[in-house]
Amino acid sequence: MKTYKVGYLVGSLAQGSINRLLARALTRLAPPGMEMVEIPIRELPLYSYDYDADFPAVARAFKQAIADVDAVLFVTPEYNRSIPGALKNAIDWASRPWGTNSFARKPSGVIGTSPGAIGTAVAQQQLRGVLCFCNSPLMNTTEAYIQFRPGLIAEDGTVSNDATAEFLGNYMKELHLFIERVLTVLPRED
């Protein structure tokens with residue numbers, strides 16, 4: 001079985017982010033054949049096309065981290081019914097300069113958690129629109145809008161609710177199958 005390296009971006013910069021907890025849980029629940037690695041976004045400056053001629057080292061390293069993975073998983077909160085500014089900024093860096101879009105043909109998944117009853121549904125929908133523009137094949141048939149409750153996910157990523165753990169485990173299995181299908185049809189050019 002081939003192992004796929006999946007980079008995940010946590011859309012929140014907060015140290016105590018519930019989406020960071022969700023990312024830990026997803027890493028624990030990933031099936032064999034998936035290697036999960038965080039691609040940090042915290043240090044990226046605000047994007048401007050003024051940088052296009054000479055990206056700062058942190059942005060070059062960020063683009064290289066995306067190039068080094070087979071797929072990307074976005075774990076995002078919802079801020080004011082939208083995606084967080086830090087996550088949008090990271091996407092802007094990765095997709096520029098024109099003609100060097102790091103997400104082109106790279107399979108991706110979107111998930112998130114929030115205390116609200118609809119989870120991160122609106123932010124995820126907006127993120128899907130951005131990723132479609134970036135030509136990133138999206139796992140659309142399996143969606144996950146997780147309503148966070150205190151104690152749902154421990155610091156080590158253990159999920160306390162069996163039904164939620166099963167749901168998230170199935171999400172990760174579907175993501176693995178999706179990545180395999182996409183990369184069979186659109187193999188990576190190394």
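Every read-out reported here was derived from the displayed coordinates using simple, explicitly stated rules and does not represent laboratory data. Note that the structure is a prediction, hence the values are computed from the model and not measured. Note that we place each Cβ from the backbone using ideal geometry, even for glycine, and neighbour counts take in every protein chain shown.
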### Summary
If each part is reduced to its alpha-carbon centroid, the range 54-76 and the range 99-116 end up apart, in Å, by 12
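Hey, got a sec? Which trypsin sites (Lys or Arg not before Pro) in the range 1-86 land in a DSSP loop and have at most 16 other Cβ atoms within 10 Å? Intermediate values should be presented prior to the final figure.
Values: sites: Lys2, Lys5, Arg20, Arg24, Arg28, Arg42, Arg60, Lys63, Arg81; in loops: Lys2, Arg42, Arg81.
Passing both the DSSP loop test and the Cβ count: Lys2, Arg42, Arg81.
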#### Entry: Karplus-derived 3J(HN,Hα), 6.51/-1.76/1.60, for each residue of the range 39-45, Hz, glycine and proline x
10, x, 10, 4, 8, 5, x
### Query
Which entry in (1) 52; (2) 27; (3) 24 is this structure's computed percent of Cα pairs over 26 Å apart?
(2)
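Pairs Lys2/Lys63; Lys2/Lys173; Lys5/Lys106; Lys88/Lys173: which are spaced more than 18 Å apart, C-alpha to C-alpha?
Cα-Cα > 18 Å for Lys2/Lys63; Lys88/Lys173; rest within.
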#### Entry: Residue among Ala30, Ala121, Ala53 with the largest mean-square fluctuation in a Gaussian network model of the chain, springs linking Cα atoms under 10 Å
Ala53
### Query
Whats the longest run of the chain with zero GluC sites (Glu not before Pro) that are DSSP loop and have at most 14 other Cβ atoms within 10 Å?
44-154
#### Entry: Neighbourhood net charge (11 Å Cβ-Cβ; Lys/Arg +1, Asp/Glu -1) for Ala121
0
